[in-house]
1. Using the Kirkwood radius built from alpha carbon pairs, what does the Stokes-Einstein equation give as D for the stretch 174-244 at 10 °C and 1.306 mPa s, in µm² per second?
2. Note the full-extension length gain between ASP237 and SER256 as 0.36 nm times their separation in residues minus their Cα-Cα distance, in nm to one decimal.
3. Ranking request for peptides 46-53, 72-79, 84-91, 105-112: highest mean number of other beta-carbon atoms within 10 Å first, then the rest in descending order.
4. Please give the net charge around ASP255, taking every other residue with its beta carbon less than 14 angstrom from that of ASP255, where Lys and Arg add +1 and Asp and Glu add -1.
5. Neighbouring Cβ atoms within 10 Å as the yardstick, rank HIS203, HIS343, HIS166 fewest first.
6. Name the residue, out of PHE365, PHE80, PHE167, whose mean-square fluctuation peaks in a Gaussian network model built on the chain with Cα pairs under 10 Å.
7. Rounded to the nearest Å, what's the spacing between the alpha carbon centres of the stretch 234-275 and the stretch 327-351? Just the number, please.
8. So how compact is the stretch 75-213: Cα radius of gyration and Dmax in angstrom?
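Every number here is computed from the coordinates shown, using simple stated rules; none is lab data. What you see is a predicted model; the values in this text were computed from it and never measured. Cβ sites come from the backbone with ideal geometry, for glycine too, and all protein chains shown count toward neighbours.
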Amino acid sequence: MKPTRFLWLLLFFLTACFTRPAVEPQVQETEKEIPTLILVSFDGCRYDYPDLANTPALDAMAAHGVRAEGLKTAFPSKTFPNHLTVVTGLYPGHHGIIANTIYDAENDRWYRLSNGAVSDASWYQGEPVWVTAEKQGITTATFFWPGSEAAIGGVRPTYWKPYDHHFPFAQRVEQVLAWLDLPKGERPQFITLYFHEPDESGHHHGPASPEAIAALEEVDAQLAALQQGLEERGLRDQVNLIVLSDHGMTSTSRDSVIFLDDYINMEDVMVVDWSPILALRPKEGKASAVYQALKGAHPHMHIYRKGELPEAYHYNDYPLVQPIIGVADLHWSITTRAYFDSHPNKPSPGAHGYDPVYSDMNAIFYAQGPDFKEGYAAPVIENINLYELMCHLLRIEPAENDGSLEAVQDLLR
């Protein structure tokens, strides 16, 4: 080879080596791991309870994360309807759990919290976030979340437990931490955790009673144990933690009672649900007379025919809404004189279920983690938007829902 030609080839080779782009790696860089999401419910914790209690765990979340002024519930402000709204992003009139007690006249069957219907998927019309996640390859676990006992859409969480009211609170936290200790391929990335307090104490002793506040402090201590467990595992910065409630609580008394039997013959109706949202199924041929007798009968009870309820309730279209619905004003209860006289301790000192327009029905909302702002005081937000938020946190595509991520975007970094 001639020297000149050799020099030109050498120059070409060196130029190519220094100017061509770097070789792409055979395997693309792994995306940043999705933070685990833990959703915790303190049942019946009104928005202002933490200001009346010693709650260091919630206070820490507010300081290092987000606290909303309140969480607005969906109508009716009951336990199962709102827990399902949180995880589906649907109003109760769209996800099907329109009350804690439902009657299906066509099939002559009942949905009650005390019977096996809670595990019957045919009652549930929405898609909970754990179903959305499982369908997109994310492992999930639920510890006592309403609806999680049913195979909704044929899908259950990978890990779930049938409800046991007496299961010790501390052991619930221990199980969540045990799930987080599983090997990576088995470890859930979405976990729910449910506590029935301070709801139970609020019902029995009244809202903001010493007993209700003590119950909140008890579950706050369990939250602290969860936070410590995350810290010990080096997971505090790898977990998005949301703590909320399903509804608030208000006071009721024997001085604010509406007696249904003062206005109608109780033999003319089936009472599907009582107070504060009355659901009546009149006997054949009695619907018009019952409606006319109750309409305007009491200044603190508002009577509607199905299809005529306020649009804000999103309650008119669902087939299992009963023909006549009564809505009591805040603090008021609906019953009969016979029940009232035979139950001197009723109504309970605390109640919920009322129109969400009342601030007493507002719940708590706290959030902390890598995706949330730090030390952010948010205005009142609506629980209808939390499904979209959780799908965003899990990096999954949401199912059709009534919520909006944009409405809660300000919570995020």
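1. The diffusion coefficient I find is 116 µm²/s.
2. Gain on extension, ASP237 to SER256, equals 1.9 nm.
3. Per-residue mean Cβ counts within 10 Å order the peptides as 84-91, 72-79, 46-53, 105-112.
4. Working: positive: ARG254, LYS346; negative: ASP329.
Summing Lys and Arg as +1 and Asp and Glu as -1 gives +1.
5. Placing the least packed residue first, the sequence is HIS166, HIS343, HIS203.
6. PHE167
7. Their Cα centres are 12 Å away from one another.
8. My reading of the Cα-based Rg and Dmax gives 16.0, 48 Å.
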